[in-house]
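S.K.: Questions regarding the structure given below will be posed in turn.
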Amino acid sequence: MNVECYDPEGAAVYEMILRQVLQDVQVIRSVKDVQIYADPREPVFIIVVEMEKTSPPIVLEDFAEFKYDKKANEAFIRIKDEKYLPALLKKLWDVEGRNKIHQPSRMEVIIDDPQHPLENMMVVDPQQDLKRKVYDALFRIIPEGFRVVDHYSQDEIIALTCTDELLQEEWIDKCREIIARMKKSP
């Protein structure tokens, strides 16, 4: 983690804020590197985050069995690991509608008139969950009022170039330079 700023005291404060926010959002262990460039005289704030790789997505077959009953026009899901049950219910409510999902017991879910295939249904995507938390952290870290933002997200890198004025091409170039350095480092 590195904060680049003309003011060493300001850099130290931002490093402290960065660490605190990453801890509060519970992503500090999932972040490989963070580079910040801040110059309030310009005014510009650039933050580039490299996340650790996450585990692969969790699909329905990873924690449940299911079968279709064409005669009754229902799908029956038997849960083997209830750790993912809340995420499954949310996913089913989103794709099928809450009124079509029934849970007669803790380990059973029934879908009336299923319209979406259950095969390989992604229930939890750790990469997307981590990205969502990192974005939450970033928007807590950027200075108040810096709402003009250029955004970059690819693979494990997220970058924001922020200001309260018009974005300058030199700031976006500086952000690209930081991203390139980060991609080269092991």
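The values are calculated or read from the model by the stated rules, or taken from the named source; none is laboratory data. Source: prediction; values computed, not measured. We place every Cβ from the backbone using ideal geometry, glycine too, and count neighbours over all the protein chains shown.
S.K.: Restricting attention to segment 159-183, which residues are more than 23 Å from the chain's Cα centre (by Cα) and among the charged types (D, E, K, R)?
M.R.: Passing the criteria: Asp164, Glu165, Glu169, Glu170, Asp173, Lys174, Glu177.
S.K.: For residues that are without any contact (Cβ under 8 Å) to a residue 60 or more places away in the chain and either assigned to a loop (DSSP other than H, G, I, E, B) or of a type in the set (Ser, Thr, Tyr) (or both), tally how many sit in segment 111-143.
M.R.: Looking only at that region, the number is 8.
S.K.: Report yes if some residue within segment 70-85 is of a type in the set (Ser, Thr, Tyr), under 30 Å from Ala180 (Cα atoms) and either in contact with a strand residue (DSSP E or B) (Cβ under 6 Å, 6 or more places away or on another chain) or loosely packed, with under 14 Cβ neighbours inside 10 Å (or both); otherwise report no.
M.R.: No, that holds for no residue.
S.K.: Output the residues belonging to segment 1-12 that are assigned to a helix (DSSP H, G or I) and either surrounded by 13 or more Cβ atoms within 10 Å (Cβ to Cβ) or outside the structural domain of Lys174 (by TED's automatic domain parsing) (or both).
M.R.: Gly10, Ala11
S.K.: Quick check on segment 144-176: of everything there that is outside any strand (DSSP E or B) and closer than 18 Å to Met51 by Cα, which residue is modelled with the lowest pLDDT?
M.R.: If we take residues in segment 144-176 being outside any strand (DSSP E or B) and closer than 18 Å to Met51 by Cα, then Asp155 is modelled with the lowest pLDDT.
S.K.: How do the pairs read when you match residues in segment 20-44 that are farther than 15 Å from Leu138 by Cα with residues anywhere that are buried (at least 17 other Cβ atoms within 10 Å of the Cβ), using Cβ under 7 Å and keeping only pairs 6 or more apart or on different chains?
M.R.: So the pair list comes out as Asp39/Cys5; Pro43/Thr163.
S.K.: Is there a residue being at negative phi, hydroxyl-bearing (Ser, Thr, Tyr) and crowded, with 18+ Cβ neighbours inside 10 Å anywhere in segment 156-167?
M.R.: Looking through segment 156-167, at least one residue is at negative phi, hydroxyl-bearing (Ser, Thr, Tyr) and crowded, with 18+ Cβ neighbours inside 10 Å.
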